[in-house]
Every structure is written in C-alpha cells, then in structure tokens.
Amino acid sequence: MARKGRLRRFNPWCCWLLGALGSACSDAGVVLSALPPESPPAAATVRLVAAGDDHACAIRDGNLFCWGLNAKGQAGGSAAAQLTPNRLGVGSRWQEVAAGSGSSCALRGDGQVWCWGDNAFGQLGTADLIAGPLPRQVLLAKGAKSLSLKFNHACAVLDDGSLWCWGDNFEGQLGLGDFPPGQPEPSPKQPSIAGRSWVSVATGQGHTCAIASDRSLWCWGRNTDSELGIGAVPGQMRTPVQVGVAADWVQVAAGQSSTCGIRGNGELWCWGRSIEAGLGTGVSEETIQFPKQIGTAADFVRVAVNTFHSCALRRNSEGNLWCWGRRQEGQLGEALPTPRLVPELFDGNLTWQSVALGRFFTCAWRTDGLFCTGENNQGQLGLGDTSRRQAATLLSVPEP
C-alpha cells in the first residue's frame with residue numbers, strides 16, 4: 001500500500017525547492033535525505049515533450065519547461081498564459097513529463113513524481129483537492145519508472161511493476177471495481193486486478209489502457225465509443241479487461257474516444273470512435289469496436305493520439321513522422337478544411353525523435369530542435385505570440 005500523506009500540512013514551497021535541489025521531504029516539510037547529483041547529458045538538447053489541451057512541457061538536459069495556457073497553473077508561474085517556455089524550479093533531474101487538460105506531472109530520475117495545476121478531481125495525487133502552480137510530490141510507495149497524464153487522471157508504473165492511478169474516476173478509469181458514478185481519488189490507488197505486473201500505461205479522457213509484463217493489453221473505464229476494444233457493450237468497465245488475446249503489444253496511446261497501439265512486429269492497430277479521421281482508416285467518421293490494423297506497414301515504433309488527430313513515428317526512408325486527422329488549425333503542418341483520412345508524411349525529415357499532440361496543435365522533437373505547429377491562441381506553441389502556424393516552427397527552449 002502507498003503511504004497516505006497528510007498533505008494539508010505539507011509545505012509545498014519548502015518541498016518543491018528541496019526536491020528540485022535533490023532532497024526529499026516528509027509530509028511535514030522536513031528534509032529526509034539528500035540525493036547525489038546526476039551527470040547531465042553531454043550536449044544540450046530537448047529530449048522529451050508533452051502536450052495538454054492548450055499547454056505543453058519539455059525537458060532539456062534534465063531541466064523542466066512549460067508554456068501555454070496557465071489559468072490553472074499548469075504551465076507554472078503566475079501569468080495567465082506563458083507565451084514562451086517557463087522553467088520550473090532549479091532542478092536538473094527530470095526524465096519524463098506528461099500534460100493533462102489543466103494539470104501537469106513529471107517524473108524525476110530518482111523515481112519521484114511531482115504534479116501541479118488544476119486539482120478539481122484530485123489529479124495531482126496529493127491527497128487533497130488543492131490546485132496551484134507549484135509542483136507537489138505524489139506520495140507513492142516506491143519509485144516510478146513510467147507516467148501518464150492526459151486529461152484529468154494520472155497513472156504510474158512503479159519499479160516493482162505495480163500500477164497506481166489517481167484523479168477523475170467518474171467513468172471507472174481508475175479501474176477500482178467500484179460502483180458508478182465513481183468519486184475522485186486524490187491519493188494513488190491500485191486497479192482491481194491481482195497477479196499482474198505492468199510495464200507501461202496510457203490514460204485517455206474516460207479510459208485507461210496498460211501493457212502487462214507478458215505484453216498482453218488491458219483497458220478499463222468508459223466504452224461508449226468502443227475505446228476499450230472489447231466491442232460496443234458494456235458502456236463502461238470499472239475493472240481491467242484484456243483486449244483480445246495478443247501478447248505482443250509494445251506501446252499503447254489513449255485519446256478522448258479512441259485508442260491505438262503498436263504490436264511487436266511494428267504494425268499499428270486502432271479502435272474506438274474516429275472523429276475527423278482520427279483513426280486513419282480512410283473514413284472520417286466511424287466507430288471500430290475491436291482493434292483494427294491501420295494500413296499494411298510494419299515499421300511503426302511510437303504512436304500519439306488526441307481527440308481529432310494522431311501521429312506516429314516510423315522507420316521509413318521517406319520520412320519518419322506520419323500524421324492524420326484534423327488539420328484545419330495547421331496541426332499536421334498544413335491548414336486545410338478537410339481531414340487527412342490516412343497516415344501521410346508530416347515532412348520528409350528522417351530525424352524526428354518524439355511527438356506530442358495537444359487538442360489542436362502538435363509539437364515534435366528532432367535532432368536539430370523542438371518544433372510546433374497549429375493553434376496558438378493561448379501561446380501553446382511557445383513562440384512568444386498567439387498566431388497560428390501552418391508549418392513546423394522552431395521553438396527556442398532556453399539553456400538552463
């Protein structure tokens with residue numbers, strides 16, 4: 001069981017500063033231990049990027065930056081909108097970041113998870129519903145090795161393979177086996193399934209999917225659009241259920257009403273509701289009840305899904321970033337009123353390393369920098385203004 005911190009006595013200013021400097025805090029704000037410094041990468045570079053509805057975050061040399069809409073404190077700082085990357089804290093130990101609708105979470109190299117921003121559903125995992133721009137530590141029993149936050153709930157896989165989730169639970173997306181409607185859970189809880197060890201997890205709007213250590217795929221939560229991949233009924237599963245019988249899943253991504261995953265042979269499979277061709281099947285609007293292969297390619301390595309558009313990284317000589325779905329705001333590198341029905345090249349570049357999708361924008365990192373395109377009314381592209389872009393535009397993340 002994870003220990004339950006009494007975070008109403010927690011001193012977030014003290015613990016955020018101490019944590020950023022490499023120390024841990026008790027729930028009373030007392031220093032517990034000092035952690036040895038980690039060696040930074042040899043060359044300064046943005047390694048990871050995450051996108052929420054209207055904000056984004058990135059990690060450069062272990063340092064954490066966020067920008068865009070900040071009405072709930074999700075980008076840190078005090079401005080209503082951060083038009084350029086804003087550094088959070090002074091630490092350089094961050095290794096993973098995730099962004100939700102109005103909140104953000106990040107994973108440190110020592111396994112600690114810290115969250116900030118909106119907390120109306122307990123999505124910060126701090127045992128209370130107190131929101132704010134200062135990162136606060138999620139009290140987990142052990143260190144985490146992976147993290148997911150997409151809308152208003154979050155999950156983490158710990159070093160021992162256990163899975164813990166917190167936040168919104170109206171649709172059963174925490175997998176607790178409770179009765180509807182579920183109540184928000186501000187403290188991490190384990191999904192109701194015994195004897196499973198987990199390797200990765202993906203949170204959507206009302207559902208969650210995770211890959212077990214045997215590479216089987218499990219999903220739970222809302223299923224009104226067949227986003228669980230188990231058929232049209234039931235409309236909700238409040239405990240994990242296996243998706244098919246395949247045991248070769250290597251990655252899964254969850255959106256608002258759809259899910260996509262990559263199999264061990266490099267095939268891309270998607271299911272759920274396709275809104276504006278978000279599933280890439282060649283049809284703008286449809287519902288797919290069970291996993292369906294997208295195209296015939298077998299060179300996919302990573303997929304990202306949001307409400308209206310999706311992107312994937314491939315091993316392909318023409319270019320390695322492919323996207324599909326809505327493109328009206330420029331999120332696919334072009335602004336056209338009709339959606340892109342199937343995966344097509346984002347551009348001909350061969351060095352894309354990661355991609356993150358906001359509601360109407362896209363940010364992706366390649367070896368020569370971080371680029372964003374699409375809607376920018378809240379500064380979510382981090383370019384210092386609020387003008388849309390219709391092509392990938394280089395974003396300047398300052399040196400730490």
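Every read-out reported here was derived from the displayed coordinates using simple, explicitly stated rules and does not represent laboratory data. Note that this is a predicted model, so its numbers are computed, not measured. Heads up, the Cβs are rebuilt from the backbone with ideal geometry, glycines too, and the neighbour counts pull from every protein chain shown.
Each label was represented as a point 7 Å from its Cα along the Cα-to-Cβ direction; for residue 213 and residue 377 these points are 4.8 nm apart. Sort the stretch 87-217 into rounded, prolate or oblate with this rule: let a ≥ b ≥ c be the square roots of the eigenvalues of the Cα gyration tensor; rounded if a/c is under 1.5, and if a/c is not under 1.5, prolate when a/b is larger than b/c, oblate otherwise. Oblate shape, in that a/c is at least 1.5 and b/c is the bigger or equal ratio. Here is how the number arises for the chain: DSSP H runs of 4 or more residues each give -39500 (n - 2.57), the sum is divided by the residue count, and the result at 222 nm is -500 deg cm²/dmol.
Our summary gives the stretch 254-400 a relative contact order of 17 percent, counting only alpha carbon pairs under 8 angstrom and 6 or more residues apart.
Around residue 337, under 12 Å between beta carbons, what's the net of Lys plus Arg minus Asp minus Glu among the other residues? Residues close to residue 337 contribute a combined charge of 0. Kirkwood radius for the stretch 202-274, taken over all pairs of different Cα atoms as the inverse mean of 1/r, rounds to 11.7 Å.
Compute the distance from the alpha-carbon center of the stretch 99-122 to that of the stretch 371-400, in whole Å. Taking the Cα centre of the stretch 371-400 as reference, the centre of the stretch 99-122 is 22 Å away. Placing a label point 7 Å from the Cα of residue 394 along the Cα-to-Cβ direction, the residues of the stretch 359-379 whose backbone N falls under 16 Å from that point are 364-373.
Over the chain, Cα pairs under 8 Å with separation of 6+ residues give a relative contact order of 12 percent. Near residue 169, once Lys and Arg are set to +1 and Asp and Glu to -1 for all other residues with Cβ below 15 Å from its Cβ, the sum equals 0. Potential lengthening of the chain between residue 298 and residue 247 amounts to 16.7 nm, from the contour at 0.36 nm per residue minus the alpha-carbon distance.
If you wrap the tightest convex hull around every Cα atom of the chain and split its volume per residue, you get 122 Å³.
Taking label points 7 Å from Cα along the Cα-to-Cβ direction, residue 283 and residue 183 give a separation of 4.2 nm. When the chain is treated as a GNM with alpha-carbon contacts under 10 Å, the residue of 364, 232, 246 showing the greatest mean-square fluctuation is 246.
Taking Lys and Arg as +1 and Asp and Glu as -1, the other residues whose beta-carbon sits under 13 Å from that of residue 274 total -1.
With coordinates expressed along the principal axes, the C-alpha atoms belonging to the stretch 254-400 extend over 43, 29, 25 Å, beginning with the largest.
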